[in-house]
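This report concerns only the one structure given below.
The values are calculated or read from the model by the stated rules, or taken from the named source; none is laboratory data. Note that the structure is a prediction, hence the values are computed from the model and not measured. We place every Cβ from the backbone using ideal geometry, glycine too, and count neighbours over all the protein chains shown. Protein only, heavy atoms only, side chains kept; ligands, DNA and RNA dropped before computing areas. Shrake-Rupley method; radii C 1.70, N 1.55, O 1.52, S 1.80 Å.
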Amino acid sequence: MKILKAKYILVCDDGFKVLKNSAIAFDTKIKKVGKFKELQAQFKDALVLDFSEDIVMPAFINPHCHLEFSANSTTLVYGDFLKWVKSVITSRSELSKEATDELIQNAINSMMRSGVATIGEISSFGSDLNACVNSKARVVFYNEILGSNPEFIESCWENFITRFKQSDKFKSELFIPALSIHSTYSTHPTLCKRACEFAKLNNLLLSTHLLESNHEDRWLREAKGGFKEWLAKFSKDAKPMYGVEEFIKNFSGLRTLFVHCVYLKELEKLDSNLHSIAHCAVSNRLLSKKTLNLKKVLKSGLNLAIATDGLSSNISLNFFDELRANLLIHDDFDLQKLAKVLLLSSTLNPARALGLNLGSLEEEKLADIAVYKGFEVSDETQIPLQLILQTKEAKELFIGGKKWEF
């Protein structure tokens, strides 16, 4: 048992409670939050961790990342989604070779140093499996499935099943195999239906990219534009495989993280009880020519989560860099209000999206806790905003109550 003292505790509950000069008693789970003397009297043999000058909050959850592309820095092309896709296809073999276990582990560590304890990893090839299993992070490992050619449906499915079974061998509290359906333009309806049935049968979390670019938007709604020209190289009579609503219906009754949704107009078609949106601000700026309308998403009642995406479409996996980008991109928000939205969308909301007992510092939640260096403020209501503005790394990180060694 441990008791952690802090100057400020950001509970990250729905009301965004902030406690001053308080403490947390925890082992693998949080046992109690309150005044230090009261906790010390109740848990007499507990180890005291004195961070009485610092700020404590739930560890961040980064629910969407592509670690297999962690070798990229300047190889891929930004500014237009299709140009980027073409550069990925051209360079993915070489980038994959360069993404060694050590490189991927370094990418994971860069997230964890900023206070991330849980990662949602999209695994396209399975080359990231060992690094994710051997990391100390909590990993939701989304085995990805895609394939648009009906002639190769069976081979695509068999490839997915092989990778999924390999990942399922390592299933634990810290490693959760899951399933990702790549997108509307890359996954044949037969594969999508089969994958959703598999997810339902095995109680798996789902993830999918949806309406990330103007090209996908025009393709699904008008069967025109850049995708038509690009897909014509592979098929003489290329047509969209789905309408927007038709694609979403596949995920009815299934806990699903819809990633990007920058051009999604049909927010009401998502199930607010099971469906969440993952927003990757930097990635969208580099590829999508538009950003997500946060106010519209929040007004809809849908669960919003912040994510970094991968280094294929970002320059940093430090979670504070992503949060600062959100502060600057979404300039229609009051800064202090936005700071709270962003912190909740990095803790409590993604925990709900992933169905994990995490995300807030409340009794019986798993003890995933981040400690950040404290600072002086003349106005304590500024703490959430100043934390995002002034912080790069955590002082300490606990995952399931265990200290992660930096």
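Brief remarks on what is shown
- Any strands (runs of 3 or more DSSP E) falling wholly within region 1-61 and containing at least 1 residues that are open to solvent by 80 Å² or more (accessible area, probe 1.4 Å) and among the basic types (Lys, Arg): 18-26
- Any chance Lys193 is open to solvent by 80 Å² or more (accessible area, probe 1.4 Å) and either touching a residue at least 60 places away in the same chain (Cβ under 8 Å) or under 26 Å from Asn159 (Cβ atoms) (or both): yes
- Test: residue in region 328-337 that is touching a strand residue (DSSP E or B) at 6+ places or on another chain (Cβ under 9 Å) and outside any loop (DSSP other than H, G, I, E, B): no
- Counting only residues that are assigned to a helix (DSSP H, G or I) and either closer than 11 Å to Asn314 by Cα or not aromatic (Phe, Trp, Tyr) (or both), region 63-91 holds 12 of them.
- Taking (1) on the phi > 0 side of the Ramachandran plot; (2) assigned to a helix (DSSP H, G or I) in turn, Arg324 satisfies each apart from (1).
- Scanning region 187-217 for residues that are polar (S, T, N, Q) and closer than 21 Å to Val140 by Cβ yields Thr187, Asn202, Asn203, Ser207, Thr208.
- Qualifying residue in region 121-142 (condition: open to solvent by less than 10 Å² (accessible area, probe 1.4 Å) and out of contact with any helix residue (DSSP H, G or I) (no Cβ under 9 Å at 6 or more places or on another chain)): yes
- Looking only at region 160-218, and only at residues there that are over 22 Å from Glu246 (Cα atoms), in a helix (DSSP H, G or I) and among the hydrophobic types (A, V, I, L, M, F, W, C), the one that is nearest to the chain's Cα centre (by Cα): Phe164
- Residue check for Phe234: hydrophobic (A, V, I, L, M, F, W, C), within 22 Å of Ile161 (Cα to Cα) and out of contact with any helix residue (DSSP H, G or I) (no Cβ under 6 Å at 6 or more places or on another chain): no
- A search for C-beta distances below 8 Å between a residue of region 76-94 that is of a type in the set (Ser, Thr, Tyr) and any residue that is part of a helix (DSSP H, G or I), counting only pairs 6+ apart in sequence or on different chains, returns Tyr78/Trp84; Tyr78/Leu286; Tyr78/Leu287.
- Checked against the criterion of being buried (at least 19 other Cβ atoms within 10 Å of the Cβ), farther than 13 Å from Thr256 by Cα, out of contact with any strand residue (DSSP E or B) (no Cβ under 9 Å at 6 or more places or on another chain) and modelled with pLDDT under 95, region 200-219 contains not a single residue that satisfies it.
- A count restricted to region 160-186 and to residues that are out of contact with any Leu (no Cβ under 9 Å at 6 or more places or on another chain) and crowded, with 17+ Cβ neighbours inside 10 Å stands at 2.
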